[in-house]
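> Sharing a structure here in structure tokens format.
The values are calculated or read from the model by the stated rules, or taken from the named source; none is laboratory data. All values reported here derive from a predicted model rather than from experimental measurement. A quick note on method: Cβ atoms are made from the backbone with ideal geometry, for glycine too, and the neighbour counts reach across all protein chains shown.
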Amino acid sequence: MLDIYALLMLQYCKANTYGWVDNVDSRRDKNGKTEQEFLRDYDVTKYFRPSVTVDAVLYAPTSDGARILYIKRGGHPFIGMYAFPGGFIEADESCEQAAARELYEETGVKDIALRQLITASHPDRDPRWRNITAVFCAEANGDIVATAGDDAADAQWLDVTCKPDGGMSFIGRTEKFECKLDIVRDSFGNVDINKTSVVERGDMAFDHAKLTYYLLDLIKRNLI
């Protein structure tokens, strides 16, 4: 024999099935629309829509910095300059999936567990358009063989060191160059990538010198 609670639940389920109980689908906003109607009429052009990119940073700590995997850009902007493997996300993938895909397409490296390092969103970080990038990273063996692919002209590990005054040195099998940053720190003591500025770019594309310094600073302070 059913108890009173079971009978009440049975009645509730019947009421809900036949629409007798108000639910989220019947709630209306100040314009009198249900959620279904709101989504049907939603204008995706109402707000400015920046593009979203990803970058994948593989690093191996060294005694005075880190060995980091970069690609040499094969096209504009910053053609012939160094950047992290990365690119635009596709419509059907997450940022994590995009980072792994771009890493493999541009360097041939795969099956690396990536974690998010930082999101870079300064309005002027990319000369093409307002591009926000999610930066992922992983500590890896600095001897992993990388082979350039897709739109990368080259892929190689560079030994990177940085100084407290913002000076940076990059040395690879065929490359050697320097960068200079004006370092600004935030209230947490971390490098503020939005307020830090590039004084001498060297051969580094986009804001990747600043992001590299940010990473090396975390490594130096044992925060990553």
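> Looking at (1) at pLDDT 95 or above; (2) acidic (Asp, Glu); (3) out of contact with any strand residue (DSSP E or B) (no Cβ under 6 Å at 6 or more places or on another chain); (4) closer than 25 Å to Lys220 by Cα, which one does Asp143 not meet, given that it meets all the others?
The failed condition is (1).
> Just name the residue that is surrounded by the fewest Cβ atoms within 10 Å (Cβ to Cβ) out of those in the stretch 137-156 that are in contact with an Asp or Glu (Cβ under 8 Å, 6 or more places away or on another chain) and in a strand (DSSP E or B).
For the stretch 137-156, the residue satisfying everything is Gln156.
> Out of everything in the stretch 49-106 that is out of contact with any strand residue (DSSP E or B) (no Cβ under 7 Å at 6 or more places or on another chain) and closer than 21 Å to Pro123 by Cβ, what residue ends up being surrounded by the most Cβ atoms within 10 Å (Cβ to Cβ)?
The residue in question is Phe78.
> Pull up the stretch 173-211, narrow it to residues that are among the charged types (D, E, K, R) and assigned to a loop (DSSP other than H, G, I, E, B), then point me to the one that is surrounded by the most Cβ atoms within 10 Å (Cβ to Cβ).
Across the stretch 173-211, the extreme among qualifying residues is Asp207.
> Can you pull out every residue in the stretch 72-118 that is β-branched (Val, Ile, Thr) and outside any loop (DSSP other than H, G, I, E, B)?
Thr107, Ile118
> Taking the stated definitions as given, is Lys46 within 36 Å of the chain's Cα centre (by Cα), modelled with pLDDT under 95 and surrounded by fewer than 13 Cβ atoms within 10 Å (Cβ to Cβ)?
Against the criterion (within 36 Å of the chain's Cα centre (by Cα), modelled with pLDDT under 95 and surrounded by fewer than 13 Cβ atoms within 10 Å (Cβ to Cβ)), Lys46 qualifies.
> Restricting attention to the stretch 157-172, and to residues there that are in contact with a helix residue (DSSP H, G or I) (Cβ under 9 Å, 6 or more places away or on another chain) and farther than 16 Å from Val57 by Cα, which single residue is surrounded by the most Cβ atoms within 10 Å (Cβ to Cβ)?
Here the answer is Cys162.
> Further question: Of all residues in the stretch 116-160, count the ones that are more than 16 Å from the chain's Cα centre (by Cα), within 17 Å of Ala209 (Cβ to Cβ) and among the polar types (S, T, N, Q).
1
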